[in-house]
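Asks: The following block contains the structure, expressed as structure tokens.
The values are calculated or read from the model by the stated rules, or taken from the named source; none is laboratory data. This structure is a prediction, so every number in the text was calculated from the model and none was measured. As a convention, Cβ positions derive from the backbone with ideal geometry for all residues, glycine included, and neighbour counts pool all protein chains shown. Please note that ligands, DNA and RNA were not included when accessible areas were found on the heavy atoms of the full protein model with its side chains. Shrake-Rupley method; radii C 1.70, N 1.55, O 1.52, S 1.80 Å.
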Amino acid sequence: NSVFAHVVRAPEDPILGVTVAYNKDPSPAKLNLGVGAYRTEEGKPLVLNVVRKAEQLLVNDRSRVKEYLPIVGLADFNKLSAKLILGADSPPIQENRITTAQCLSGTGSLRVGGEFLAKHYHERTIYIPQPTWGNHTKVFTLAGLSVKSYRYYDPATRGLNFQGLLEDLRSAPAGAIVLLHACAHNPTGVDPTLEQWEQIRQLVRSRGLLPFFDSAYQGFASGSLDADAESVRRFAADGGECLIAQSYAKNMGLYGERVGALSIVCKTADVASKVESQLKLVIRPMYSNPPIHGASIVATILKDRDLFNEWTIELKAMADRIISMRHQLFESLRAKGTPGDWSHIIKQIGMFTFTGLNSEQVAFMTKEYHIYMTSDGRISMAGLSSRTVPHLTEAIHAAVT
Ligand SMILES: Cc1ncc(COP(=O)(O)O)c(CN[C@@H](CCC(=O)O)C(=O)O)c1O
């Protein structure tokens with residue numbers, strides 16, 4: 001018999017498995033509010049016009065070849081990505097004390113960063129928010145770090161547990177790594193205010209904690225690339241060191257192209273170049289070098305003023321549609337007289353609403369109304385449209401009454 005006969009069947013992923021269940025459901029009324037992937041008002045995935053234009057330019061450019069990229073990826077993509085998150089006038093960029101490696105989207109950037117830290121950083125504990133993106137714990141544990149959590153969400157107010165956050169970071173061991181969502185916290189949609197970010201920055205620096213930013217939604221939260229990067233920029237501008245993982249999956253709609261970047265801001269250019277040399281030793285045995293197509297699309301758009309401006313317009317349109325879905329759902333629940341305070345739907349930002357519905361209510365909504373969402377009560381607002389808001393309202397109303 002098979003040498004793998006002992007292998008047990010693994011459970012589906014809590015997020016990506018929702019799509020598997022959705023695809024199996026024959027109901028025409030089914031609604032996928034699980035995976036954080038943008039859908040249009042017609043409920044279809046979106047390839048940005050500016051992406052299609054960039055791809056056309058690439059196809060027409062007969063000088064382009066399919067050679068291996070360097071281990072750290074496409075050089076101009078790396079420079080442009082650092083500029084996008086930090087701003088062109090950022091001190092680490094001006095002083096050349098940042099190293100950026102193109103990685104396999106946000107997940108790959110987090111993993112490579114985690115593996116680098118496990119090998120080269122003295123403190124192996126990383127504090128991640130409670131709750132956070134479901135994959136964070138697995139990514140950092142498998143990278144060789146010890147994962148702990150810091151209080152982040154307050155179920156009572158459905159807002160930030162700021163005092164709990166400060167207390168937990170104050171009691172973290174000096175030098176501990178702290179994972180921070182740059183904007184549009186997943187799954188809660190709750191972000192610190194700028195004043196609270198400043199307090200977090202002062203605490204992190206005074207305790208010598210090492211910030212690791214996860215920026216998967218730049219431009220998606222507020223519609224502004226600069227506003228959504230402000231938290232990262234304040235840390236990067238204070239002379240301290242930090243890591244930054246970037247994803248182009250959502251804000252450029254490049255989900256399946258797996259385009260992202262890991263940047264490490266260092267004290268000096270010399271340290272940055274040594275760090276880069278060690279990043280190459282992490283990447284080479286992992287996947288050797290990254291894919292060329294998606295990064296070429298991003299570089300084509302970021303380096304051309306007109307394409308960049310067109311991208312910002314399409315990006316804001318996606319962010320605005322999500323905000324409109326928030327207001328439509330909130331108004332619909334209010335009109336229906338659904339019991340409870342639903343104002344968090346319009347206070348939260350980014351792709352997700354953390355509804356507060358429990359796993360039994362979620363299971364009921366899936367079974368009776370064919371609503372697919374993660375069991376923690378998170379719904380991807382991008383999966384909603386004006387046409388489907390009434391159906392979701394019916395389901396929530398039935399689940400809470
Ligand atoms: C905070 C955060 N970091 C990183 C990632 C990884 O994105 P990449 O595709 O690797 O760039 C996601 C995607 N989370 C979404 C998408 C589905 C998933 O991968 O779980 C989500 O939570 O639905 C995320 O929400």
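Asks: I'd like to check which helices (runs of 4 or more DSSP H) are fully inside region 1-116 and have at least 2 residues that are without any contact (Cβ under 8 Å) to a residue 40 or more places away in the chain, within 16 Å of the ligand (Cβ to nearest atom) and closer than 29 Å to Lys138 by Cβ. Talk me through it step by step, then tell me what you get.
Replies: Numbers: elements: 16-24, 49-60, 75-86, 91-94.
Those helices (runs of 4 or more DSSP H) span 16-24.
Asks: Against the definition (more than 16 Å from the ligand (Cβ to nearest atom), within 13 Å of Ile85 (Cβ to Cβ) and either in a loop (DSSP other than H, G, I, E, B) or open to solvent by 50 Å² or more (accessible area, probe 1.4 Å) (or both)), how does Arg234 come out, yes or no?
Replies: yes
Asks: For Ala221, only one of the following conditions fails: (1) more than 10 Å from the ligand (Cβ to nearest atom); (2) more than 12 Å from the chain's Cα centre (by Cα). What is its number?
Replies: (2)
Asks: Further, regarding this structure: Quick check on my filter: what residues within region 165-199 are under 25 Å from Ile379 (Cα atoms), away from the ligand (no atom under 16 Å from the Cβ) and either surrounded by fewer than 18 Cβ atoms within 10 Å (Cβ to Cβ) or of a type in the set (Ser, Thr, Tyr) (or both)?
Replies: Hit for region 165-199 is Thr193, nothing else.
Asks: Against the conditions (1) assigned to a helix (DSSP H, G or I); (2) closer than 22 Å to Gln246 by Cα; (3) open to solvent by 20 Å² or more (accessible area, probe 1.4 Å), where does Gln202 fall short? Just the number, please.
Replies: For Gln202, the exception is condition (2).
Asks: Considering only region 118-144, state which residues are within 15 Å of the ligand (Cβ to nearest atom), open to solvent by less than 20 Å² (accessible area, probe 1.4 Å) and among the small types (Gly, Ala, Ser).
Replies: Ala143
Asks: List the pairs whose first member sits in region 351-365 and is within 17 Å of Gly340 (Cα to Cα) and open to solvent by 10 Å² or more (accessible area, probe 1.4 Å), whose second member is outside any helix (DSSP H, G or I) and basic (Lys, Arg), and whose Cβ atoms are under 8 Å apart, counting only residues at least 6 apart or on separate chains?
Replies: Phe354/Arg158; Phe354/Arg378; Gly356/Arg158
Asks: Another question, then. For the structure I just gave you, tell me whether Glu257 is touching a helix residue (DSSP H, G or I) at 6+ places or on another chain (Cβ under 8 Å), within 16 Å of the ligand (Cβ to nearest atom) and open to solvent by 50 Å² or more (accessible area, probe 1.4 Å).
Replies: yes
Asks: Against the definition (in contact with a Gly (Cβ under 9 Å, 6 or more places away or on another chain), touching a residue at least 12 places away in the same chain (Cβ under 8 Å) and surrounded by 17 or more Cβ atoms within 10 Å (Cβ to Cβ)), how does Leu329 come out, yes or no? Even if it seems obvious, please write down each step before you answer.
Replies: Values: in contact with a Gly (Cβ under 9 Å, 6 or more places away or on another chain): no; touching a residue at least 12 places away in the same chain (Cβ under 8 Å): yes; surrounded by 17 or more Cβ atoms within 10 Å (Cβ to Cβ): yes.
The answer is no for Leu329.
Asks: Quick one: which residue in Ser247, Ser206 is closer than 30 Å to Leu74 by Cα and either of a type in the set (S, T, N, Q) or free of Cβ contacts under 8 Å to residues at least 60 places away in the same chain (or both)?
Replies: Ser247
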